[in-house]
1. Taking the criterion of being polar (S, T, N, Q) and within 14 Å of chain B (Cβ to nearest Cβ), would at least one residue in the range A:196-215 satisfy it?
2. Just to be sure, is B:ALA81 at the interface with chain A (Cβ under 7 Å from one of its Cβ atoms) and outside any helix (DSSP H, G or I)?
3. Residues to consider are B:LEU60, B:LEU27, B:LEU41, B:LEU16; find the one that is within 19 Å of the chain's Cα centre (by Cα) and either in a loop (DSSP other than H, G, I, E, B) or more than 10 Å from DNA strand D (Cβ to nearest atom) (or both).
4. Within the range A:93-124, how many residues turn out to be more than 7 Å from chain B (Cβ to nearest Cβ), assigned to a helix (DSSP H, G or I) and among the small types (Gly, Ala, Ser)?
5. Yes or no: B:VAL223 touching an Asp or Glu at 6+ places or on another chain (Cβ under 8 Å) and modelled with pLDDT under 95?
6. Counting just the residues of the range A:63-78 that are part of a loop (DSSP other than H, G, I, E, B) and farther than 22 Å from B:ARG220 by Cα, which one comes out farthest from the other protein chains (Cβ to nearest Cβ)?
7. In the range A:1-29, how many are under 25 Å from B:ARG229 (Cβ atoms) and either at pLDDT below 95 or touching a strand residue (DSSP E or B) at 6+ places or on another chain (Cβ under 6 Å) (or both)?
8. Across the range A:1-13, which residue is farthest from the chain's Cα centre (by Cα) among those that are of a type in the set (A, V, I, L, M, F, W, C) and away from DNA strand C (no atom under 15 Å from the Cβ)?
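The values are calculated or read from the model by the stated rules, or taken from the named source; none is laboratory data. Only a predicted model underlies this, so the values are computations on that prediction, with no experimental measurement involved. Positions of Cβ are backbone-derived with ideal geometry, glycine not excepted, and every protein chain shown enters the neighbour counts.
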There are 2 protein chains.
Amino acid sequence: MSRRSYNQYCATAHALDIVGERWTLLLVRELLTGPRRFGDLQANLPGMGTGLLAARLKYLTEEGVVAPVTLPAPANTPAYALTEAGHALGPAVLALADWGMTWALGPRAEGEVYRAGWAVLAMRSAFVPDAAEGVAGVYEFRVADEVFHARVEDRSVETVHGPAQRPDVVLTAADGDTFKALLLGGVSFADAEREGRATVAGDRGLLDVLVSLFDWPQPRERVSSARPR
Amino acid sequence: MSRRSYNQYCATAHALDIVGERWTLLLVRELLTGPRRFGDLQANLPGMGTGLLAARLKYLTEEGVVAPVTLPAPANTPAYALTEAGHALGPAVLALADWGMTWALGPRAEGEVYRAGWAVLAMRSAFVPDAAEGVAGVYEFRVADEVFHARVEDRSVETVHGPAQRPDVVLTAADGDTFKALLLGGVSFADAEREGRATVAGDRGLLDVLVSLFDWPQPRERVSSARPR
DNA sequence: CCGGATCCGTAACGATACTG
DNA sequence: CAGTATCGTTACGGATCCGG
């Protein structure tokens, strides 16, 4: 338990005792798409001091949410991964992302950092299993200098950072905004390629299928009036 | 946006910018079961300073998550309620509660505060719609000095604090532990009544039905080993 | 260079006292 | 009852330094 506990016998309070401190759930978000090294975490969590990052990792390790691992050869470098309990936080992080997409995101603000990898979680959240009936495919995405991939299979999607082993199709987008527009269906892949903002290699048909697998929430405005009973 | 923003164009980060500060999600948890007055919130959030509570309410009001209301006559007293955006946080709070019940709750620790009202959220979380096929009933619960009720109808449950208008059955439990044991099915209503720890008024058959509507998660131990890929 | 540990100024929090 | 005001304590953020 963190030094500051809510001291309530309540499931929500206990959960927040462990993962409710500043940065913690964003740290879990990073690890939800696979193991990461200290430096990668630092790069994706700008504003978080190295001391704090180290302290959080240590605390979460003690609490059995995170575990240190050694990346497979040839990297052989230390990294951090989620335990089973850590992975179980996925639904909670996705529920927050869901709320954020609907009620808090809006257009990109000035100076806001954007990493395409974060869209990976959004894909999990907006994925519609029923729409993926009979769909199977491995997608690799390269956005700016980031690489991640998605594996669609059996009405489910699995999103992980890093390259795919044998992708059916590789989508390269110049920047995050282009990638987002493509995923939301606002821009066609053909148009983006024509404008030089994206390139596609492999089974392009699978990309059009991909877009149809998501149901993106309609952004709403928060208004200051009580909800009628 | 709170003064300290994560400054990331990410749905999770934006959500946490608004509701990620200390106490905020517990405050939302309180309001998820209906409007509450300042003093009630204070009483259910021991350890939170009045100044901080006032600041949070003000901030959340500005952000359109909470709205000040006047309780209906004869109370006619000021209170706080959730807006539509605030109610939309329900799934996120429940997801955290779910995780907490499985991975973080355990037995009650020494000195931990327990309010029966918190079990109300747990009931929402553990409710199994399929088990409630054809079930309808209004339950009122009185635990220690707290009163709340549940309305089961059409494969759904609605839990609100305060008394019910026309309850089918009223369950009075001496303390939270008794109430919990009854709900989890560890103790029968007859036994509890015999021991003087509970009384039942109304349609007692509905209570046995109630217990069958929940699927309580099996508590798990958090262990410090990475989850296999 | 990566993975941290240490230090210090600032902002956030917690407890209590006080006011309309 | 519903909040302000105040003040000591804790947590965070940024920078610098250190060992492999």
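1. So in the range A:196-215, the residues polar (S, T, N, Q) come out as A:199, A:212.
Keeping just the survivors that are within 14 Å of chain B (Cβ to nearest Cβ) gives none.
No, that holds for no residue.
2. Details: at the interface with chain A (Cβ under 7 Å from one of its Cβ atoms): yes; outside any helix (DSSP H, G or I): yes.
It is true that B:ALA81 is at the interface with chain A (Cβ under 7 Å from one of its Cβ atoms) and outside any helix (DSSP H, G or I).
3. B:LEU27
4. Counting residues in the range A:93-124 that are more than 7 Å from chain B (Cβ to nearest Cβ), assigned to a helix (DSSP H, G or I) and among the small types (Gly, Ala, Ser) gives 2.
5. Yes, satisfied.
6. A:PRO74
7. Residues flagged as under 25 Å from B:ARG229 (Cβ atoms) and either at pLDDT below 95 or touching a strand residue (DSSP E or B) at 6+ places or on another chain (Cβ under 6 Å) (or both) within the range A:1-29 amount to 0.
8. Start the filter on the range A:1-13 by keeping residues that are of a type in the set (A, V, I, L, M, F, W, C), which leaves A:1, A:10-11, A:13.
With away from DNA strand C (no atom under 15 Å from the Cβ) added as a condition, the list becomes A:10-11.
Values: A:CYS10: 28, A:ALA11: 25 Å.
Among residues in the range A:1-13 that are of a type in the set (A, V, I, L, M, F, W, C) and away from DNA strand C (no atom under 15 Å from the Cβ), the one farthest from the chain's Cα centre (by Cα) is A:CYS10.
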